[in-house]
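The values are calculated or read from the model by the stated rules, or taken from the named source; none is laboratory data. What you see is a predicted model; the values in this text were computed from it and never measured. Cβ placement follows ideal geometry from the backbone for every residue including glycine, while neighbour counts extend to all protein chains displayed. All accessible areas refer to the heavy atoms of the entire protein, side chains included, with ligands and DNA or RNA removed. Shrake-Rupley method; radii C 1.70, N 1.55, O 1.52, S 1.80 Å.
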Amino acid sequence: MQGEQVWAVDALQALGHETRLTVFRMLVKAGRDGMMAGEIAQGCGAPPSTMSHHLANLERAGLATSERESRVIRYRADYAGMRSLLGFLMEDCCQGDPRLCADFTEITACKP
């Protein structure tokens, strides 16, 4: 439990910065194709030098992955990391009564 909580704190800290939260949401929206680092920086209006710091932070937190493609790096949301964080946050929400969290699935349902 302790290690999982430390990881969750790190992940939440990574998302606790406006730019990183924006980047993470962009990567989630991009899906499996992900985005090139330059596209991300341009989409956020952030200089590439600071963007690499933000992307590395999300990667260390287990919320993003990177893959080198020739001279550029493609970033993707780490959906397993995102599910783990959401699972950790929701672990005790129902107190044995699933009706307490029933609307959560409606809120998070994938929408076209």
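Does Arg60 count as closer than 17 Å to Arg76 by Cβ, at pLDDT 95 or above and open to solvent by less than 60 Å² (accessible area, probe 1.4 Å)? Here the answer is no, as Arg60 does not meet what is asked.
When you scan region 82-91, do you find a residue that is in contact with a Ser or Thr (Cβ under 7 Å, 6 or more places away or on another chain), surrounded by 11 or more Cβ atoms within 10 Å (Cβ to Cβ) and at pLDDT 90 or above, even just one? Talk me through it step by step, then tell me what you get.
Going residue by residue through region 82-91, those that are in contact with a Ser or Thr (Cβ under 7 Å, 6 or more places away or on another chain) are none.
No; the residues of region 82-91 include none that is in contact with a Ser or Thr (Cβ under 7 Å, 6 or more places away or on another chain), surrounded by 11 or more Cβ atoms within 10 Å (Cβ to Cβ) and at pLDDT 90 or above.
Going through (1) open to solvent by less than 70 Å² (accessible area, probe 1.4 Å); (2) in contact with a Cys (Cβ under 8 Å, 6 or more places away or on another chain); (3) part of a helix (DSSP H, G or I) one by one, Cys94 falls short only on (3). Looking across region 40-55, the residues that are open to solvent by 60 Å² or more (accessible area, probe 1.4 Å) and not hydroxyl-bearing (Ser, Thr, Tyr) come down to Gln42, Gly45, Pro47, Pro48, His53.
Taking only pairs six or more apart or across chains, which ones have beta-carbon atoms under 6 Å, a first residue in region 6-25 that is at positive phi, and a second residue that is in a helix (DSSP H, G or I) and open to solvent by less than 30 Å² (accessible area, probe 1.4 Å)? Cβ pairs passing all conditions: none. Before we move on, is Ala109 modelled with pLDDT of 85 or more and among the small types (Gly, Ala, Ser)? No; evaluated as a whole, the condition is false for this residue.
Residues in region 2-39 that are of a type in the set (Val, Ile, Thr) and either open to solvent by 80 Å² or more (accessible area, probe 1.4 Å) or in contact with a Leu (Cβ under 7 Å, 6 or more places away or on another chain) (or both): Val23 only.
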